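First up is the structure itself, then whatever we jot down about it.
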Amino acid sequence: MNGEELYEVISALSIKAGFIDFGAAPVEKLTTEKLHLEEYIAEGHNAGMGYMAGNMSLREDPGLLLEGAKSVLCFLAPYKPLVLQDESLPGIASYAYGMDYHRVIKDKLFKIIKEIKALIPEATARAFTDSAPVFERTWAAKAGLGFIGKSTFLISRSHGLHTLIGVIILDREVKYGKMVPAGCGKCTKCLDSCPTGALCRPFRVDARKCISYQTIESKKEYVQEEFIIDLKNSIFGCDICMNACPWSAKGEPGLWQEFMPLSLAGYSKTLPELNAGEWMAMEEDTFKEYFSESPLSRPGLQKIKSGLVVKKDIR
Ligand code: B12
């Protein structure tokens, strides 16, 4: 099977799995991106994400993640919600309304690998989504799925910003995509919208001030953070710079059942409909029952509740 044929086969598998776009890039060293990352770390913009400084050679060269690696296959998963959360409610990033994407996307990538292997038994491949030192946005841009915006998002000209990236590294050549032109122009709406100054310059997020970082990734209590920020209404993640981007009008609501808002039977509500009182009164057992497969299990209930309290103190 030649590269063009293999591309067609994977493209069909991608559509069957529900991905809204697929493209591939040849394996090469990402020396410029590595320099960007080193600069980012030197400026302390990775905050407490010490892991970003590790495995630098793997991050630079995906060839080290799989022997004989030839191609980086990139897939876009859609999650634009049908209905946005009421702004007065404790804010949850829209990618987290449903199930944790890490498992959902990986399961689909594993199925694609299985089908590739059914056709080419000697092929080897590895699947990643946010689970390895891989510059996922850069690879998706190189594969022709979109451009990197000033917000650092991978922006698809047809599907906007509400996309998650899945990656397969494969030891076969396929037809490769062409990079698309950048589409930010003079626009700075994302930078202007960030309430904490975390988008401190084009293409740079200072995670120390980022609502998304502080509410999802940071292990610190809010009052112990290097920068005490107004979390606005957020208790998990942040979509402010994404929603400010004119390109976010692109793309249809996602249809993946797994990303539909979690239904909370005991509340007769879905996750984005919970109010502050319901969050504060929630017990650990209830949280475990409903959120064990949700991204919200990462920070846990105590952190979520403390976000509500901190918000009140700052105001
Ligand atoms: C660490 C991380 C975070 C950190 C830091 C984010 C950041 N921008 O660095 C925190 C916790 C803050 C975060 C937040 C979010 N994240 Co996050 N995160 C990651 C992770 C694990 C690594 C990103 C990384 O390498 N950062 C290091 C910096 C140096 O890289 P970068 O900002 O991407 O910068 C690149 C470009 O800007 C470019 N670049 C740098 N300078 C210049 C200059 C020019 C001119 C150009 C053209 C390019 C360029 O080079 C850099 C290296 O590739 C990726 C998964 C992965 N393995 O890639 C997900 C990932 C980026 N996150 C994702 C998501 C969904 C989010 C949130 C939307 C979640 C939310 N709603 O709260 C927010 C978005 C915030 C934002 N504006 O980025 C998605 C993004 C999908 C997309 N369409 O872009 C990813 C790809 C996960 C996935 N598999 O889908 N995230």
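Each value in this text was obtained by applying a stated rule to the coordinates, not by laboratory testing. In this text the structure is predicted, and so the values were computed from the model without any measurement. We place every Cβ from the backbone using ideal geometry, glycine too, and count neighbours over all the protein chains shown.
Listing for the model above:
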quantity	calculated
Of the DSSP H helices in the chain, those whose Cα atoms cover at least 18 Å axially and whose Kyte score averages -0.5 or more	3-17, 101-119, 301-314
Taking the convex hull of Cα positions in the stretch 63-198, its mean projected area over all directions (nm²)	10.2 nm²
Three-way shape call for the stretch 187-315 based on the alpha-carbon gyration tensor, with the a/c threshold at 1.5	oblate
Residues of type aspartates and glutamates that residue 34 reaches as a straight line, Cα spacing below 15 Å, ignoring anything fewer than 8 places off in the same chain	43, 60, 61, 136
Long pairs among 70/142; 29/175; 250/303; 150/219; 16/189, criterion Cα-Cα beyond 24 Å	250/303; 150/219; 16/189
Helical contribution to [θ] at 222 nm, DSSP H n ≥ 4, -39,500 (n - 2.57), averaged over the chain, rounded to 500	-9000 deg cm²/dmol
Only Lys, Arg (+1) and Asp, Glu (-1) charged, at Cβ; the chain dipole about Cα centre in debye	540 debye
Per residue convex hull volume, Cα atoms of the chain, in Å³	132 Å³
Unmatched cysteines, the chain - criterion: no other Cβ of a Cys under 4.7 angstrom	74, 184, 187, 194, 200, 210, 238, 245
Given charges at beta-carbon only (K, R positive; D, E negative), |dipole| of the stretch 3-170 in Debye	300 debye
Dimensionless Rg over Rh [the stretch 1-149; C-alpha; Kirkwood]	1.00
Signed unit charges on C-beta, dipole axis of the stretch 147-240, positive-most listed residue 207, 238, 154	154
GNM flexibility winner over the chain from 263, 94, 248 (Cα, springs under 10 Å)	263
